[in-house]
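*Asks:* Below: one structure in structure tokens.
Every number here is computed from the coordinates shown, using simple stated rules; none is lab data. All values derive from a computational prediction rather than experimental measurement. Here the Cβ positions follow ideal geometry from the backbone for every residue, glycine too, while neighbour counts run over all protein chains shown.
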Amino acid sequence: MNLKGRHFLTLKDFTPEEIQYLIDFSAYLKDKKKKGILVDELKGKNVALIFEKTSTRTRCSFEVAAHDLGMGTTYLDPSGSQIGKKESIADTARVLGRMYEGIEYRGYGQEIVEELAKYAGVPVWNGLTNEDHPTQMIADLLTIQEHKGTLKGLKFVYMGDARYNMGNALMIACAKMGLHFTACAPKEYFPNETLVKECEAYAKVSGGSITLTEDVTTGTKDADVIYTDVWVSMGEPDEVWEARIKDLLPYQVNKKAMEKAKPDAIFIHCLPAFHDLKTTIGKEISKKFGLEEMEVTDEVFESSQSVVFDEAENRMHSIKAIMAATLGMEMK
Ligand code: CP
Ligand code: NVA
């Protein structure tokens with residue numbers, strides 16, 4: 001498998017075999033890390049990390065992974081570069097491409113990361129856009145594989161806002177890898193029709209399927225994996241909270257929803273999550289709308305079925321694999 005020089009913008013661009021290779025490469029690098037075996041074959045290389053939106057996991061994963069691989073990093077924070085304001089994406093890409101062996105971008109439209117990739121001349125990795133979150137997918141698939149022993153044939157249920165980055169990315173990932181994907185949400189929150197059609201075509205090849213339903217009982221029935229994400233994403237205005245709470249509260253992942261799933265079902269959330277009142281926004285929302293937990297209850301989040309911290313750790317191992325593979329390192 002040779003992924004050298006490839007961009008990592010969306011899983012749509014990768015075959016199931018390539019995706020499986022990245023999952024296996026992540027597991028391989030995780031094993032090396034656990035055994036304390038240094039894998040720093042990319043010494044002398046450097047990567048630029050552009051974040052136009054904030055991050056904990058993705059930023060830390062890229063930094064730790066790059067350092068582990070022997071590479072240097074430059075972090076450009078949401079206000080710390082000229083991108084888009086004084087310098088076009090195309091010019092930025094050509095400048096950074098002369099200095100770095102790879103570029104990570106987190107920000108707004110998918111077209112921005114595509115434009116960077118077009119001009120950079122080095123691999124560009126999508127660290128989250130409004131439309132997609134592909135690095136998260138390798139971590140999620142690895143986590144599911146670790147806990148379930150397989151991917152193919154599992155029933156995967158996404159509850160909440162299924163038309164944004166996480167809903168889209170998970171539908172693509174499941175369709176490519178042969179899982180049965182269910183978006184369980186109000187109709188207006190279903191992923192867009194074009195993407196659904198594309199994913200149905202992937203699912204036809206992989207043996208997976210796509211289901212869109214408003215019904216929580218049938219949606220969650222016999223699920224192997226239940227997944228959710230925040231109801232309001234980065235970059236969205238505060239004014240949407242009220243409507244989101246009203247529309248999405250019936251799709252909260254709570255004990256009742258988990259009880260409809262298989263007894264050994266796992267719960268995943270890309271994080272950060274609003275499951276208690278220990279955050280500023282959590283407190284504000286509680287004061288305004290009287291809600292103590294949002295997309296997931298604290299009970300489910302803290303339960304033994306929740307694998308959110310395994311998944312968070314896997315962000316680092318999988319981002320390491322994505323960088324390593326696209327920069328020409330091989331799994332030995
Ligand atoms: N899941 C995820 O992408 O987390 P961060 O926003 O903290 O990077
Ligand atoms: N949908 C969330 C995902 C965070 C990892 C957001 O875009 O804010």
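*Asks:* Within region 225-252, which residues are touching a Gly at 6+ places or on another chain (Cβ under 9 Å) and within 16 Å of ligand 1 (Cβ to nearest atom)?
*Replies:* Within region 225-252, TYR227, THR228, ASP229, VAL230, TRP231, GLY235 meet the criteria.
*Asks:* Condition (residue is more than 10 Å from the chain's Cα centre (by Cα), away from ligand 2 (no atom under 16 Å from the Cβ) and either among the acidic types (Asp, Glu) or more than 30 Å from GLY102 (Cα to Cα) (or both)) applied to region 122-141: is it met by at least one residue?
*Replies:* no
*Asks:* So which residues in region 72-111 are buried (at least 18 other Cβ atoms within 10 Å of the Cβ) and in contact (Cβ under 8 Å) with a residue 60 or more places away in the chain?
*Replies:* GLU101, GLY102
*Asks:* Right, next: Can you tell me how many residues within region 59-111 are closer than 18 Å to GLY235 by Cα and within 16 Å of ligand 2 (Cβ to nearest atom)?
*Replies:* Total meeting the criteria: 8.
*Asks:* Shifting gears a bit: For residues that are part of a loop (DSSP other than H, G, I, E, B) and among the basic types (Lys, Arg), scanning just region 262-299, find the one that is surrounded by the most Cβ atoms within 10 Å (Cβ to Cβ).
*Replies:* Start the filter on region 262-299 by keeping residues that are part of a loop (DSSP other than H, G, I, E, B), which leaves 262-265, 270-279, 290-295, 297.
Add one more test, that the residue is among the basic types (Lys, Arg), and what stays is 262, 278.
Details: LYS262: 15, LYS278: 9.
Selected residue: LYS262.
*Asks:* So how many residues does region 253-287 have that are closer than 25 Å to THR58 by Cβ and in contact with a strand residue (DSSP E or B) (Cβ under 9 Å, 6 or more places away or on another chain)?
*Replies:* 9
*Asks:* Kindly state which strands (runs of 3 or more DSSP E) lie completely within region 146-251 and contain at least 3 residues that are surrounded by fewer than 22 Cβ atoms within 10 Å (Cβ to Cβ) and of a type in the set (Asp, Glu).
*Replies:* Working: elements: 155-159, 180-184, 209-213, 225-228.
Correct list: empty, since no element meets the threshold.
*Asks:* If you don't mind, there's one more thing I want to ask. Please determine whether any residue of region 25-35 is in contact with a Gly (Cβ under 9 Å, 6 or more places away or on another chain) and crowded, with 16+ Cβ neighbours inside 10 Å. Break it down into steps so the answer makes sense when it comes.
*Replies:* Of all residues in region 25-35, those in contact with a Gly (Cβ under 9 Å, 6 or more places away or on another chain) come to none.
Scanning region 25-35 turns up no residue that is in contact with a Gly (Cβ under 9 Å, 6 or more places away or on another chain) and crowded, with 16+ Cβ neighbours inside 10 Å.
*Asks:* Taking THR56, is it at negative phi, of a type in the set (Ser, Thr, Tyr) and away from ligand 2 (no atom under 16 Å from the Cβ)?
*Replies:* On the way: at negative phi: yes; of a type in the set (Ser, Thr, Tyr): yes; away from ligand 2 (no atom under 16 Å from the Cβ): no.
Against the criterion (at negative phi, of a type in the set (Ser, Thr, Tyr) and away from ligand 2 (no atom under 16 Å from the Cβ)), THR56 does not qualify.
*Asks:* For residues in region 190-217 being polar (S, T, N, Q) and in contact with a helix residue (DSSP H, G or I) (Cβ under 9 Å, 6 or more places away or on another chain), which is farthest from PRO16 (Cα to Cα)? Show your work before the answer.
*Replies:* Of region 190-217, the ones polar (S, T, N, Q) are 192, 194, 206, 209, 211, 213, 217.
Keeping just the survivors that are in contact with a helix residue (DSSP H, G or I) (Cβ under 9 Å, 6 or more places away or on another chain) gives 192, 206, 209, 211, 213, 217.
Working: ASN192: 22, SER206: 8, SER209: 15, THR211: 20, THR213: 26, THR217: 31 Å.
It comes out as THR217.
*Asks:* Restricting to region 284-332, name every residue that is more than 30 Å from PHE14 (Cα to Cα) and charged (D, E, K, R).
*Replies:* Residues satisfying the conditions are GLU284, LYS287, LYS288, GLU292, GLU293, GLU295, ASP298, GLU299, GLU302.
*Asks:* When you go through GLU87, GLU111 one by one, which is the residue that is over 23 Å from the mean Cα position of the chain (by Cα) and acidic (Asp, Glu)?
*Replies:* Exactly one residue qualifies, and that residue is GLU87.
*Asks:* Moving on to the next point. So the check is Cβ under 8 Å with 6+ separation or different chains; which pairs have a first residue in region 162-190 that's among the acidic types (Asp, Glu) and a second one that's assigned to a helix (DSSP H, G or I) and more than 16 Å from ligand 1 (Cβ to nearest atom)?
*Replies:* From region 162-190, the pairs are GLU188/ASP247.
*Asks:* Another question, then. What helices (runs of 4 or more DSSP H) completely inside region 19-120 contain at least 3 residues that are touching a Ser or Thr at 6+ places or on another chain (Cβ under 8 Å)? Don't jump to the end; show me each part of the working.
*Replies:* Values: elements: 57-68, 89-99, 110-120.
Qualifying helices (runs of 4 or more DSSP H): 57-68, 110-120.
*Asks:* Tell me which of these GLU259 doesn't satisfy, since it passes every other one: (1) within 13 Å of ligand 2 (Cβ to nearest atom); (2) without any contact (Cβ under 8 Å) to a residue 60 or more places away in the chain.
*Replies:* (1)
*Asks:* Give region 223-281 a look and list any residue that's of a type in the set (D, E, K, R) and in contact with a Lys or Arg (Cβ under 7 Å, 6 or more places away or on another chain), or say none.
*Replies:* Step one: list which residues in region 223-281 are of a type in the set (D, E, K, R), which gives 224, 229, 236, 238-239, 242, 244, 246-247, 255-256, 259-260, 262, 264, 276, 278.
Within region 223-281, ASP224, LYS260 qualify.
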